[in-house]
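Values quoted throughout were computed directly from the atomic coordinates according to the rules given, and no laboratory measurement underlies them. None of the values given here were measured: they were computed from a predicted structure. Cβ placement follows ideal geometry from the backbone for every residue including glycine, while neighbour counts extend to all protein chains displayed.
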Protein chains: 2
Amino acid sequence: MTAPVIDCLQYANWSEEIFRQMRAGGVHAVHVTITYHENFRETVHNIERWNCWFERYPHLIFLGRTGDDVRLAQKTNRTAVFFGAQNPSVIEDDIRLVEICHMLGLRFMQLSYNNQSLLAAGCYENNDPGITRMGRQVIREMNRVGLVVDMSHSGDRSTLEAIEISERPIAITHANPSWWHPALRNKSHQVLKALTDSGGMLGFSLYPHHLKHGSKCTAESFCEMVLETAERYGVDRIGIGSDLCQDQPDSIVTWMRNGRWSKELDLGEGSTTVPGFPDQPPWFKDNRDFDNIADGLRAKSMSEHDVALIMGGNWLRFYDESFSPRAAL
Amino acid sequence: MTAPVIDCLQYANWSEEIFRQMRAGGVHAVHVTITYHENFRETVHNIERWNCWFERYPHLIFLGRTGDDVRLAQKTNRTAVFFGAQNPSVIEDDIRLVEICHMLGLRFMQLSYNNQSLLAAGCYENNDPGITRMGRQVIREMNRVGLVVDMSHSGDRSTLEAIEISERPIAITHANPSWWHPALRNKSHQVLKALTDSGGMLGFSLYPHHLKHGSKCTAESFCEMVLETAERYGVDRIGIGSDLCQDQPDSIVTWMRNGRWSKELDLGEGSTTVPGFPDQPPWFKDNRDFDNIADGLRAKSMSEHDVALIMGGNWLRFYDESFSPRAAL
């Protein structure tokens, strides 16, 4: 079987149209965000919405739980949907909710989202105290049940400590190297080195604020960055995590940035000139555009073997290794 | 592989001692009640308690989800624990919680517990209006996801309608025929005939209030009842559902009977002379006593083949047929 196409982060305004675009684009698996600031009970409501879509569009999508579900998606011409949380609000202050969430299909959880959480600092905090007392235990519990630690929105110190503490490889599902584009959300060489040296994965983001020249970033520039990352850290440790937020109204990015924690309007990566979602670059607007990335890599003389790893082969290996409870390993 | 021993209803005050008794008694699977009047969020806490036990005693017990998990229990000398709800409080007024509960491992749900619920009448109500509007849809949803309809504590009309409406066989996990002992909770010939004609299963109860002569019931009398039930309805439609409530304080039976619905003390099957849990008959006090039943059936000249069906073979077939989502059938 040829390698699958896997996108390891999207948060779209889901619809039949988008699910059909996944099929049209030959996307076999997507890690979707199901919750930001929602508590456990609210997240269950979000899972119910996904269950509605799974029931309604069984010929297009189904809930993915293991790497083998990606292979099933390839075999049955569907897209396996893997659940993730961008913030640990979903586990509230209850470490036992880690396993409950895994039972409900959760496969990735960020330890923080921009702000300090009960577990780790976010990348927007001025002070990063590292992984908290609860954070250390939650990482151990996530390792036990097979829930991947994702540090995409966390601070540097917290991220380095999470890599050190976690006994299974972690992920930064959606970010780019800051040596290519020095955005606050992009990651330092030190972080990327520690991440990849420990077997962890980086998913390249296509979110304009993470791209050199933003919405005007060229596919060529993006692919050059991918190649250099492969050279620096190894072609086995990288994949796509597009951060595609298709068809979302700007009220959603306001929720993502402000949740219920802020009385002031926090613009996050935005600005008064671009307060909402920025425009996607024209060569990556939706799930039908993954070929533009693969073709861009080929144009840079990357081998078919390596293109396949980056477009999904690496994530599939990581999924195979990461989602099972420890006792079953 | 020989047939397993399966008990299709217990609600004990769980402990390592009881889990060890399950092993000592050669019990391969138990359907355990995890919730009565608890709402969804409270039931999640109860599942967390079970997850603690699964983590602590992995050499004794694990969560069962399919019939194959019974076989795994046989192979690995452990007991597979299957979750059930004795009341639909857990799904609140939200039909989508049926699937969420199935994702969390729930495999049986009673449509009512003694009282009228949102779905069906309980056996203590004077008036049984049959399956409600919501009840009809919930049965269909339970059929879809693989959650078994259990009518042990429901009224006759509701039970007959549930058998009629359900497109997959249902169960009465813990009750006896009222022609043997006319307790309110035992079941009429009409109900048992409809249940078994439709492929449904009856689990024989060892709870003293359901036994002829209560705590003084003899194993011989119990086994005579089993034989007559096999003759009347077929040896393929019966198993054990002991309703064992080992080591529980009487405050628990008060909760089971009164929940939060009553300001008066409802004694249910009890009485002012026996307000708490009645004593178990001496030949069935805990999980080490299943052989007393099997031996009693052999003493009545039942074949080894039929004894094996009743002690667990029939439930295993029923588990194989009942717990998978419909699409996967």
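Annotation: the antiparallel percentage among DSSP beta bridges lying fully within the protein assembly as shown is about 5.
Under a 5 Å amide H cut-off, with hydrogens placed 1.01 Å from N, B:T79 pairs with B:I61, B:F62 among residues at least 5 apart or on other chains. Under a GNM of chain A (C-alpha, springs under 10 Å), which listed residue has the highest mean-square fluctuation: A:V70, A:V149, A:V235? In this elastic network of chain A, the residue with the biggest mean-square fluctuation among A:V70, A:V149, A:V235 is A:V235.
Its relative contact order, with pairs defined as Cα atoms under 8 Å and 6+ residues apart, puts chain A at 21 percent. When the Gaussian network model of chain B links Cα atoms closer than 10 Å, the mean-square fluctuations of B:S15, B:S303, B:S262 top out at B:S262. Note on B:S221 and A:S262: their simple-model spin labels are 7.3 nm apart, each label 7 Å out from Cα toward Cβ.
Between A:W255 and A:E17, the C-beta separation translates, for a Förster distance of 25 Å, into a calculated FRET efficiency of about 0.65. Couplings 3J(HN,Hα) of the stretch B:275-286, computed from phi: x, x, 5, x, 5, 5, x, x, 8, 8, 9, 7 Hz, in residue order, whole Hz [Karplus 6.51 cos²θ - 1.76 cosθ + 1.60, θ = phi - 60°; x for Gly and Pro]. The HN-Hα couplings worked out from phi for the stretch A:130-144 by the Karplus form 6.51 cos²θ - 1.76 cosθ + 1.60 (θ = phi - 60°) are x, 5, 6, 4, 5, x, 4, 5, 5, 4, 4, 5, 4, 4, 5 Hz, whole numbers, x standing for Gly and Pro. Each principal axis of the Cα cloud of the stretch A:19-73 was taken in turn, and the coordinate range along them, longest first, works out to 33, 23, 16 Å. To the nearest 500 deg cm²/dmol, what mean residue ellipticity at 222 nm is calculated for the protein assembly as shown from DSSP H runs of n ≥ 4 alone, each contributing -39,500 (n - 2.57), summed and divided by the residues? One gets -11000 deg cm²/dmol as the mean residue ellipticity at 222 nm.
With a simple spin-label model that places each label point 7 Å from the Cα along the Cα-to-Cβ direction, the separation between B:E92 and A:R41 comes to 0.5 nm. Peptide A:102-112 is shielded by partner chain Cβ atoms: per residue, an average of 1 of them sit within 10 Å of its Cβ. Applying 1/(1 + (r/R0)^6) with R0 = 56 Å to the Cβ-Cβ distance of B:K300 and A:A24 gives a FRET efficiency near 0.25.
Pair-distance distribution P(r) for the protein assembly as shown, from all Cα-Cα distances in 10 Å bins starting at 0: 3, 15, 24, 21, 15, 12, 7, 3, 0 percent. Post the alpha-carbon centroid distance, the stretch B:305-326 to the stretch A:300-317, in whole angstrom. Going from one Cα centre to the other spans 47 Å. Rounded to whole Å, give me the distance from the Cα center of the stretch A:1-70 to that of the stretch B:1-63. That distance is 33 Å. Summing charges over neighbours of B:V145, with a neighbour being any other residue whose Cβ is under 11 Å away from its Cβ, gives +3 when K and R count +1 and D and E count -1. Evaluate E = 1/(1 + (r/R0)^6) for B:S271 and A:R49, where r is the Cβ-Cβ distance and R0 equals 41 Å; express this FRET efficiency to the nearest 0.05. FRET efficiency, B:S271 to A:R49: 0.25.
Relative to a virtual label point 7 Å from the Cα of B:L118 in the Cα→beta-carbon direction, which members of the stretch B:22-44 show backbone nitrogen distances below 20 Å? Those under the cut-off are B:34-44. Sorting the segments A:96-103, B:268-275, A:251-258 by their residues' average number of neighbouring beta-carbon atoms within 10 angstrom, most packed first, yields A:96-103, A:251-258, B:268-275.
Overall form of the stretch B:6-323: rounded. Here a/c, set by the Cα gyration tensor axes a ≥ b ≥ c, is under 1.5. For chain B, the antiparallel share of DSSP beta bridges with both residues in that region comes to about 5%.
Comparing A:M311, A:M142, A:M302 in a Gaussian network model of chain A where C-alpha atoms under 10 Å apart are linked, the largest mean-square fluctuation is found at A:M302.
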